[in-house]
2 protein chains.
Amino acid sequence: MDVKFRKPKPNRIFQHVVAEIQAAILDGRLKPGDQLPPEMKLKDMFDTSRGTIREALRVLEQKGLIDIRTGVSGGAVVRKVDTRQITESLNLLIQAQNVSFDQLVEFREAVEGIVAGLAAERAKPENIQHLRELMASADRLLKEGSGHWRELLDIDVKLHIAIAEVAGNPVFVAVLKMVHENILDSFEWFELENSHVLQDSFQDMGQLIRAIENGQATEAGSLARYHVRKFHDYLKRGFRNEQ
Amino acid sequence: MDVKFRKPKPNRIFQHVVAEIQAAILDGRLKPGDQLPPEMKLKDMFDTSRGTIREALRVLEQKGLIDIRTGVSGGAVVRKVDTRQITESLNLLIQAQNVSFDQLVEFREAVEGIVAGLAAERAKPENIQHLRELMASADRLLKEGSGHWRELLDIDVKLHIAIAEVAGNPVFVAVLKMVHENILDSFEWFELENSHVLQDSFQDMGQLIRAIENGQATEAGSLARYHVRKFHDYLKRGFRNEQ
DNA sequence: ATCTGTCTAACTGTTTAACTGTTTGACCTT
DNA sequence: AAGGTCAAACAGTTAAACAGTTAGACAGAT
């Protein structure tokens, strides 16, 4: 017998509302920035209750398809689909699976190596310009001393993500954002104060950006991996350890 | 002035309910299979309205953290977090055309290359045994002709995931599942019938497994990348094209 | 003319109570 | 033991009301 029986479909009106609105967004009828009608209007359009509409909007919001605002001119606005949901759902998966820090670092090292190589192949002058601007910010803060470790950390992350964006593949960007969020959340970073590690780290980044600028893909990959490994060795040993 | 002002926090009770339940799941207080209290109980526990609880449950469901059932013994049950949400998130990006198929393949190629290299470094005899068993299944089906393309596709994916599991890093496993599930969903595969492509593909896999078994990390990485690229070239040109 | 303060209105966020639909399991019959 | 019926425990939906948020209009002060 070759007949397949299908699981009965769930009988939930709000899912139908989700599907309709999602389809309108994905097939281009609704574009980023477009405002959906207010809840009370949607309830009439779908001939359902306001509560059901609200539930559907919650799901669409969690899918990253809309933003919801309160107040005048409020309501649901269509969002440009971006990598945020991948990063969030990967984060949940990583947290639920108790992925070890070493495993995360291994993944990071591999991916940053690839991304740096691609960035070296694809960088345009305006990309390099942006990277240099971030580096210049970091240099200014470094000159003021390591009291600015919090901002310097932010810039470090911004640099890594910017390099991933130069590589031009959103999937790499999404996974690296996940990695960085997990790493940032995993440590108390105050020990960076009074430590040479950030100086050291930005020196590495400087070399990496030069390699990218010079189109040296293999060199950039190596430098990126070296940088990641070194930084995480510091994390393990503590920032105060001097050679 | 060194004072930083923070963006006001959204004032939504349901998000607080989401956060509390999510935290209980992620820190292990709630385990897969555990039943949450009924809505009416949760409303008392959180001292909020039933509607607000429902909205929170919608969000948790969309995050893949719970399943909700109707009827006696119904209610929200904690789910084992799996790759379903990351797959869906990536799928939305693809449908919104913010990730191209080429970008997905580029990501896949890079990651499969890394994973194959790690697997070659880490394979144990029982791992190789498992890979060989999957290959033996494929060989049997190949001998029966290409009418079994559906099962053969499944085995191909299983092989790739098994190699990732030999590499032993759950992050790589997760992202590869995400990729494979989207690739599987992106095509009508029936053209594989009457095509040599699967035979060809499993021949590549055989070589890859040998390289892994022999601990040849660089070779395994190259073979994996070559295999991915070749397969996707077939996808682009159509499976019937003969050289 | 520009800025500040106040108020209104347009929306979302939440609450409550009621009804409807789904499903499991207890119990009875064959 | 198997099948049917029914009740109860739940989720799904609805409607109406009130509370909170926010943009913009308007008036007054500088």
Inset, instruction - Could you tell me which numbered condition A:Glu188 fails, if it satisfies all but one of (1) part of a helix (DSSP H, G or I); (2) away from chain B (no Cβ under 14 Å); (3) among the charged types (D, E, K, R)? - result: (1)
Inset, instruction - Determine whether A:Arg12 is without any contact (Cβ under 8 Å) to a residue 40 or more places away in the chain, buried (at least 19 other Cβ atoms within 10 Å of the Cβ), among the charged types (D, E, K, R) and within 16 Å of DNA strand C (Cβ to nearest atom). - result: no
Legend entry - Failed item, numbered, when B:Ala167 is tested on (1) under 12 Å from the mean Cα position of the chain (by Cα); (2) within 14 Å of chain A (Cβ to nearest Cβ): (1)
Inset, instruction - Could you please let me know if A:Glu191 is at pLDDT 95 or above, of a type in the set (D, E, K, R), in the same structural domain as A:Leu104 (by TED's automatic domain parsing) and more than 22 Å from the chain's Cα centre (by Cα)? - result: no
Inset, instruction - With the condition kept exactly as written, say whether any residue in the range B:110-125 is under 25 Å from A:Ala96 (Cβ atoms), surrounded by fewer than 21 Cβ atoms within 10 Å (Cβ to Cβ) and either among the polar types (S, T, N, Q) or within 9 Å of chain A (Cβ to nearest Cβ) (or both). - result: no
Legend entry - Leading residue by the ranking (surrounded by the most Cβ atoms within 10 Å (Cβ to Cβ)) among those in the range B:28-59 that are among the acidic types (Asp, Glu) and more than 9 Å from chain A (Cβ to nearest Cβ): B:Glu39
Inset, instruction - Inspect the range B:77-91 for any residue being more than 11 Å from DNA strand C (Cβ to nearest atom) and on the phi > 0 side of the Ramachandran plot and give the result as yes or no. - result: no
Inset, instruction - Evaluate the following for B:Leu104: is it outside the structural domain of B:His180 (by TED's automatic domain parsing), under 30 Å from A:Ile66 (Cβ atoms) and crowded, with 19+ Cβ neighbours inside 10 Å? - result: no
Inset, instruction - Answer yes or no: is there a residue in the range A:57-76 that is touching a Phe, Trp or Tyr at 6+ places or on another chain (Cβ under 8 Å) and within 15 Å of DNA strand C (Cβ to nearest atom). - result: yes
Legend entry - Unmet criterion (only one of (1) hydroxyl-bearing (Ser, Thr, Tyr); (2) out of contact with any His (no Cβ under 9 Å at 6 or more places or on another chain); (3) in contact (Cβ under 8 Å) with a residue 24 or more places away in the chain) for B:Ser137: (3)
Legend entry - Residue check for A:Leu223: modelled with pLDDT of 95 or more and either part of a helix (DSSP H, G or I) or crowded, with 20+ Cβ neighbours inside 10 Å (or both): yes
Legend entry - Single match in A:Arg58, A:Arg54, A:Arg108 (criterion: in contact with a helix residue (DSSP H, G or I) (Cβ under 7 Å, 6 or more places away or on another chain) and free of Cβ contacts under 8 Å to residues at least 12 places away in the same chain): A:Arg58
Legend entry - Number of the condition not met by B:Glu55 [criteria: (1) within 14 Å of DNA strand D (Cβ to nearest atom); (2) farther than 21 Å from A:Val78 by Cα]: (2)
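The values are calculated or read from the model by the stated rules, or taken from the named source; none is laboratory data. Please read all numbers here as calculations on a predicted model, not as lab measurements. Methodologically, a virtual Cβ is constructed for each residue, glycine included, from the backbone with ideal geometry; neighbour enumeration extends over all protein chains shown.
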